[in-house]
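The values are calculated or read from the model by the stated rules, or taken from the named source; none is laboratory data. A quick note: this is a predicted structure, and the numbers were derived from the prediction, not measured. Cβ atoms come from the backbone with ideal geometry, glycine included; neighbour counts cover every protein chain shown. What goes into the accessible areas is simple: the full protein's heavy atoms, side chains included, and nothing from ligands, DNA or RNA. Shrake-Rupley method; radii C 1.70, N 1.55, O 1.52, S 1.80 Å.
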Amino acid sequence: MKVKQWLQRGGHWLKQAMPGYCAFCLAPALAGRGWCTACLVGLPWNLHACRQCGDPVSHGASLCGHCLIDPPAFSTTQAGLLYQGPIKELVHDFKFHASPRAGTLLAELMVLTPPPTQADALLSVPMHPAHARARGFNQSQWLAERLSRQLGVPLVSARRVKDSPSQRTLNRRQRVANLAGAFVFESPPPAHLLIIDDVVTTGSTGHALARAALDAGAERVDIWATARTPLGKD
């Protein structure tokens, strides 16, 4: 890479990490925000989504075909954005580079589209200890801790006891089977739990964690995530 290109790229990264600049276009941001008005409006908002899993659906539909035929264990999903374009880049920076700036922006965007009801506690998606040691960062836990402090809602935890293969190359049915029995609760959870995650792809992780919570004594489990993988991409 030429020196001039390196300097330009370095300047871009520096501005992304600094308050006062829009994280998406590097123009001056709105006061106290990480974005400008034009970029906020232009984000890929998940405007017409399945009430239960958050999958984009046609206007007027309340449930997708999957939830009508084989409903998951969780009741609703709030994912205000689609996992594409600038949101995909932001999530990648947060998830794989542990960028606190990216995480803060994602949490702030989540608060713009909160769930319709308040839960008794927030629940992050746990990692298996071997994966946690290798990765060193759990983006779901980071978001849950941040939102817990901001909203004054307590956190509860579960354990992942099954070190399943990566979900990335699996289809929906394989993902469900891959995560069967993966999570356990060491103490009974409160009645209403809200799972916090960065991206919902097929909902199989949320289903497995919700199933474990319901089996442990919870009465209702919902999901609150930053984004949902677009229809046909999971």
| remark: Applying the gyration tensor rule to the Cα atoms of the range 76-154 (axes a ≥ b ≥ c; rounded if a/c under 1.5, else prolate if a/b exceeds b/c, else oblate), the class is oblate
| Which net charge results when you count Lys and Arg as +1 and Asp and Glu as -1 among the other residues whose beta-carbon is under 13 Å from that of R51? | -1
| note | By the mean-Cβ-within-10 Å protection proxy, highest first, 211-223, 36-48 rank as 211-223, 36-48
| remark: Normalised Cα Rg of the range 188-234, dividing by 2.2 N^0.38 Å with N its residue count, works out at 1.22
| task | May I ask for the net charge around H192, where only other residues with Cβ less than 9 Å from the Cβ of H192 are counted and Lys, Arg are +1 while Asp, Glu are -1? | result | -2
| request: Report the one residue of V125, P72, A61 whose Cα lies farthest in the direction of the positive end of the charge dipole of the range 57-130 (charges on C-beta: Lys and Arg +1, Asp and Glu -1; origin at the Cα centre). | output: V125
| request: Might you work out the accessible area of L155 for me, using a 1.4 Å probe with all protein chains in place, and round it to the nearest 10 Å²? | output: 80
